[in-house]
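Please treat every number below as a calculation from the coordinates, not as lab data. This structure is a prediction, so every number in the text was calculated from the model and none was measured. Virtual Cβ from ideal backbone geometry, glycine too; neighbours counted across all protein chains shown.
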Amino acid sequence: MNEIAIGDLSEFADQDHRILAVGALEVGIFRRGKKLYAYENRCPHYGGPVCQGKIFNRVVETLASDQSSTGLKFAKEENLVCPWHGYEFNLVTGCHPGDPRLKLRALDVRVDKGQVYLRVPG
């Protein structure tokens, strides 16, 4: 693995993301507060550009004690939605909410003295 500097933390706005080309690899970098998440821009379903998808709060169905539906609501966790086929992935874990075996390929990203570093295969 190689570690490369990809910019100052100030270049990554909170609640935003960007797609970077690192050699032949495309990487999506997502900032949520002080945390950064990095994923290969490739959906495990069919290879689509997942990091170019929309981000939505996950929709969950609420159930009564008899297990009947009481409606839908937005949860706190955010899902990244692949633009090709609508597969969703938790933005923090990279996992598909219905099948945790389907997972985005995460890359290590860290901040040191205001500089953002990404570890990429090399």
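The table that follows gives values for the structure above.
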| quantity | calculated |
| --- | --- |
| 15 Å beta-carbon shell around Asp14, net charge (K/R +1, D/E -1) | +1 |
| 3J(HN,Hα) from dihedral phi, the range 106-122, Karplus parametrisation 6.51/-1.76/1.60, rounded to Hz, x for glycine, proline | 7, 10, 6, 9, 9, 10, 9, 6, x, 9, 9, 10, 10, 9, 10, x, x |
| Environment charge of Ile55, counting only residues whose C-beta is closer than 15 Å and scoring Lys/Arg +1, Asp/Glu -1 | +2 |
| Long-range HN-HN contacts of His45 with modeled amide H, under 5 Å | none |
| Table column - 3J(HN,Hα) (Hz), the range 94-101, Karplus curve with 6.51, -1.76, 1.60, x for Gly and Pro | x, 8, 5, x, x, 8, x, 6 |
| Label point distance in nm, Val59-Asp112, each placed 7 Å from Cα along Cα→Cβ | 4.4 nm |
| Vicinal HN-Hα couplings computed from phi for the range 52-60 (Karplus, 6.51 cos²θ - 1.76 cosθ + 1.60; Hz; Gly/Pro x) | 8, x, 7, 10, 10, 5, 4, 9, 10 |
| Net charge over other residues, Cβ less than 10 angstrom from the Cβ of Asn90 (K, R count +1; D, E count -1) | -1 |
| Pairwise label distance in nanometres, Leu72 with Leu9, each label 7 Å out on the Cα-Cβ vector | 3.7 nm |
| In the range 2-120, lysine pairs closer than 18 Å at Cα, eight or more apart or cross-chain | 6 |
| Taking Leu20, Leu72, Leu104 and counting other C-beta atoms within 10 Å, the order from fewest to most | Leu72, Leu20, Leu104 |
| Cα-based Rg / Dmax (Å) for the range 2-120 | 16.0, 54 |
| Interchain or long-range residues, amide H under 5 Å from Leu102's placed H | His96 |
| Any cysteine of the chain lacking a neighbouring Cys Cβ under 4.7 Å - listed by number | Cys51, Cys95 |
